[in-house]
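Notes to accompany the following structure.
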Amino acid sequence: MNLNKSLQCCAIAVFGVASLIAHNAVADEIGEPWSQTLEKARGQTVYFNAWGGSDRINSYISWAGKQLKSEYDVTLEHVKIGDIAEVVSQLEAAKAVGRNKDGNVDLMWVNGENFANMKNNDLTWGSFATTLPNATNLQDSESLTTDFSVPVEGLESPWGGAQLVFIYDSAVLETPPSSATELLEFVKNDGRFAYPAPPVFHGTTMVKQLLHELTNDRQALSQPVADVDFDSVTAPLWSYLDELHPHLWGKGKSWPASAENTRQMVDDGELDISISFNPNEASAAVKNGQLPDSVRTYTFADGTIGNTHFVTIPFNAKAKAGAMVVANYFISAEAQARKANPEHWGDPTVLDIAKLDATAKEQFTSIDFGPWALPIGSGKTLPEPHASWAEALEKAWLKRYGN
């Protein structure tokens, strides 16, 4: 037998055994009794890579860390990230050089195209999310089982809900525009509006929202972008934006830096309407003195894009047991109720309140959202396009309007 072929066969055999051992190790750890996971987690430090651009969110994560340390002896280290895509790239590099254990990311905040990239490149650890004790209280929602049309399959655990909303000052604007068509007429009649330039997340989401309303082929949005006629599907969007942009704040030449920036511009009287991806954002802002109490939140009449954001454990995480404990705590009634409270964050819960006991339910029913949040039960949620659409839309937008 050829020596090279002999060595290749041996290598394949060794690799196969190693892969089987690794697979069994994953299966054993994920499927083991929760009491064993808790014991393994004691003393572990979980490096949680998550966006660090919000003081409220950072404070909430700090609070959760104190609870985890006190209750489970797990130390939560918030590694503040500007763009989680950079962490995905680091994991891809680690995978390429065979660094399959002792990684420096134990848990990460992720969804959309970043999760799709992780799943496609085997950068997630395993189907841990379905085994978490608190997962029994999650909502029965497609948004929790598919992430931008990509099946979750337990590879990430839901953390919070989100929906594109608009915030306006009712003392200044009596009737805000309730569709893409009305928005165009609004800005043509000196209404003041702007959105962040893609690839800023909220800007990309606004573009997807407009595409959902304007395209003649909505079914195409649930498919990978490579499988459809992108130019045909998006033609109405570009025609609309060509007409809209000259009338926006900045005249299509300058753009707000972020959704938070648009909120500040409403408070300063520069804009009539701001955008957010949190239906409770206005409540938190009013309570923190960042918006007047005359602001109100609404969605377009036919609905706006919504999704769920998740946490996942990378394939080479060092503190997997600790990461599971953190993910499970994040979906506890205690943690979700505090997160839903606009005094602390105001992020919509992923729990089904009806499944909770009376004490846990009271933690949610006692929250005062005031008149500023999106009224409960209003605002139809539209599905996110397939994860592949974000990058394609961003590139096309920048080619046409970037400066």
* Roughly how big is segment 227-287's charge dipole about its Cα centre, with Cβ charges of +1 (Lys, Arg) and -1 (Asp, Glu), in debye to the nearest 20? -> 280 debye
* Hey, fewest Cβ within 10 Å first, where do I376, I367, I273, I167 land in order? -> I376, I367, I273, I167
* Among DSSP beta bridges lying fully in the chain, give the percent that are antiparallel, nearest 5. => 65 percent
* **Mean Cα-pair separation over length for segment 216-308, i.e. relative contact order, pairs under 8 Å, 6 or more apart, %** => 15 percent
* To do: Towards the positive end of the charge dipole of segment 184-324, with charges on Cβ (+1 Lys, Arg; -1 Asp, Glu), say which of G306, Y240, F186 has the farthest Cα.
  => G306
* Asked: Would you list L214, L291, L398 from fewest to most Cβ contacts within 10 Å?
  -> L398, L214, L291
* **Spatially proximal lysines relative to K399 (Cα-Cα < 20 Å; intrachain offsets below 8 disregarded)** => K208, K251, K253
* Asked: In whole angstrom, how far apart do the alpha carbon centroids of segment 156-184 and segment 225-267 sit?
  -> 15 Å
* If you take the charge dipole of the chain about its Cα centre, with +1 on Lys and Arg Cβ and -1 on Asp and Glu Cβ, which of L210, T45, V200 is farthest toward its positive end? -> T45
* **segment 289-403 - Kirkwood radius from inverse mean 1/r over Cα pairs (Å)** => 17.7 Å
* Structure fact -> Most exposed first, judged by fewest Cβ atoms within 10 angstrom, H78, H245 run H245, H78
* Structure fact -> Restricting to aspartates and glutamates and to Cα separations under 15 Å from K101, and discarding same-chain partners fewer than 8 apart, the set is E29, E92, D122
* Report, in order of residue number, the helices in the chain meeting two criteria: a C-alpha extent of 27 Å or more along the helix axis, and a mean Kyte-Doolittle hydropathy of at least 0.5; treat each whole DSSP H run as one helix. => 3-31
* Structure fact -> Checking A93, A64, A282 against a Gaussian network model of the chain (alpha-carbon springs below 10 Å), the top fluctuating residue turns out to be A93
* Theoretical ellipticity at 222 nm over the chain - DSSP helices of four or more residues, -39500 (n - 2.57) apiece, nearest 500 -> -13500 deg cm²/dmol
* What longest range of the chain stays clear of loop-exposed GluC sites (Glu not before Pro) (DSSP non-H/G/I/E/B, at most 16 other C-beta within 10 angstrom)? -> 1-152
* **FRET efficiency for K66 and E142, using Cβ-Cβ distance with R0 set to 35 Å, rounded to 0.05** => 0.55
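Where a number appears in this text, it was derived from the coordinates with a stated rule and is not lab data. Computed from a prediction, not measured in an experiment: that's the story for all the values here. All Cβ positions, glycine included, derive from the backbone under ideal geometry; neighbour counts span all protein chains shown.
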